[in-house]
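What follows is a set of notes on a single structure, which appears directly below.
Values in this text are rule-based calculations from the coordinates and carry no lab data. None of the values given here were measured: they were computed from a predicted structure. Ideal geometry is used to build each Cβ from the backbone, glycine not excepted, and the neighbour counts take in all protein chains shown.
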């Protein structure tokens, strides 16, 4: 038995151990307390630095202790890595500021709970981006609308590349975009907003071949002064000023793709892959620069400028007839990845930050509690039924369910998936699939036992005969998951991901761990019988006799369902799919989300989503009501009538676009 099941034992122990490790820590820890506990060299001295950072954050000198500690390291040139000798850095990384940024970001990440929760369960932060009217004043309304819709898709791609799971991104009105991010703090990560709104205009420009700002303050006609920051041999920042031509020789339109990779010295760089037209134009530009260099006796330089910032200015010795080029500079790995990401997703519209605020959970605490409670009650009832009906087999099934849930949560934590209410629904559905798989096995075992086989033989035959059916059913389920993941977004994609994880974890827990446990219990004579209840005995039904009526009834139900969908048309879609109205309300007394939804139900107002937001700068709290189209006024009036002392007053209104795209 041991030799036959050794691989199952090793695999089960390894996967369950990995799942437990992936789930740690179980909850967020205060950043300051956590980073103090991790310092192993001169911890007292480092604690004083952290206390100073906390004081700066409390006094408003920095948005958070994380940012304050980064500022302390920068201004005093303190290498914070000296307090963490166990953390290894790349040998080529010598710049103190960048090393500190990498260290602190890693510590911040480790201080958070391994399993992240979505906007519906925990809330998050949000910001509103508005089209820069000065830069887009010549755009027609139709062009602006199309570019705004495209910007929503591009921002979604950028944020997903940053590793933020299940954000909410939607247009508001004709010139704004709202972005809601779960599990992200703009206080600790202000660069998130900058990376999202960055237009990513890439230019290749000429550097003046003979004159530099160090020679003369008279800027040559057609040129401007730009500053290039590079990392010196000892990690110090070297600043060089250059005269760079205003009009580019080539733009980012010639770039087909970009990606980050380490160079030959291990330093991050960004590779630019040209289109065929881009390759031809780049060869022409470098040929002209090389020719000018030969005439002037000085090597020419090509400036690579992104959104007005000079990233690099390499020398050009000869024509470069290549499919690619690279942007080098003093990047961290994250900065290189972000740069490649925005280059792959350039924005056509210039955007500015309108407001930043915290978002409360979109589900009320009682709704979350009732949803989780319902899931737990359902799971407990299923477990109770299995134990009652299948006794020993039921206990084995409950154990495999526990392993199943552990593996699902461990995988979700390890891949950075966000737990949402649809995700919990996917887990509950997975529990049902796992129970079904166990029932198939136990009923096969019952058949074998009724044929007079011994318990060991019946166990082996039960698992063998149920194997094909279980795998076939789960592969069918996996195909549906692939469609949801490939074509869906937001909650749909999240549900598909959770369900797909559940498919694999169910097959593992039932067919490997469950089989291992059952074999061990039987072989060790811990269980000598496998009693099972049976409400209906010796049932024999000729199901094929009813094939035609069943076919007719089934397709009648399907056609009726499809007909109802077509009759309702767009009314079948919720705000996530169809959009709606949003009204911003000031208040004196807070009305709970549950009370707001009850008022909406009583007054037949359809879907109403209350969200409390708090401005990050002032802390002022407002209520945002998301309603179906043309129902916001009625919703506010009903609330004012139901809660006259709450002081509910409208301060703004706008149209919401769908948070789940048409595709």
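Values computed for the structure shown
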{"read-out": "Size descriptor, Kirkwood hydrodynamic radius, that averages inverse alpha-carbon separations across the stretch 202-346, Å", "value": "15.8"}
{"read-out": "Cβ crowding within 10 Å averaged over residues, with 33-44, 95-106 ranked highest first", "value": "95-106, 33-44"}
{"read-out": "Residue 353 paired with residue 621, simple spin-label distance in nm, labels 7 Å along Cα-to-beta-carbon", "value": "2.4"}
{"read-out": "Cβ-derived FRET efficiency at R0 25 Å, residue 89 paired with residue 37, nearest 0.05", "value": "0.75"}
{"read-out": "Residues 521, 299, 499 arranged by fewest to most Cβ contacts within 10 Å", "value": "299, 521, 499"}
{"read-out": "Added length on full extension, which subtracts the Cα-Cα distance from 0.36 nm per residue, residue 58 to residue 634", "value": "203.1 nm"}
{"read-out": "Distance (nanometres) between label positions extended 7 Å along Cα→Cβ at residue 288 and residue 319", "value": "1.4"}
{"read-out": "Ordering of 394-402, 444-452, 541-549 by packing [mean C-beta count within 10 Å, highest first]", "value": "394-402, 444-452, 541-549"}
{"read-out": "Inter-site label distance for residue 565 and residue 44 at 7 Å from Cα along Cβ, in nm", "value": "7.1"}
{"read-out": "MRE, 222 nm, helices only [DSSP H, n ≥ 4, -39500 (n - 2.57), over the chain, to nearest 500]", "value": "-16500 deg cm²/dmol"}
{"read-out": "Anisotropy class of the stretch 1-137 from Cα gyration tensor, a/c 1.5 cut", "value": "oblate"}
{"read-out": "Efficiency of FRET from Cβ geometry, residue 504 and residue 447, R₀ 22 Å, rounded to 0.05", "value": "0.20"}
{"read-out": "Antiparallel bridge percentage (DSSP; both residues within the chain; nearest 5)", "value": "95"}
{"read-out": "Per-residue Cβ neighbour rank within 10 angstrom, fewest leading, 112, 474", "value": "112, 474"}
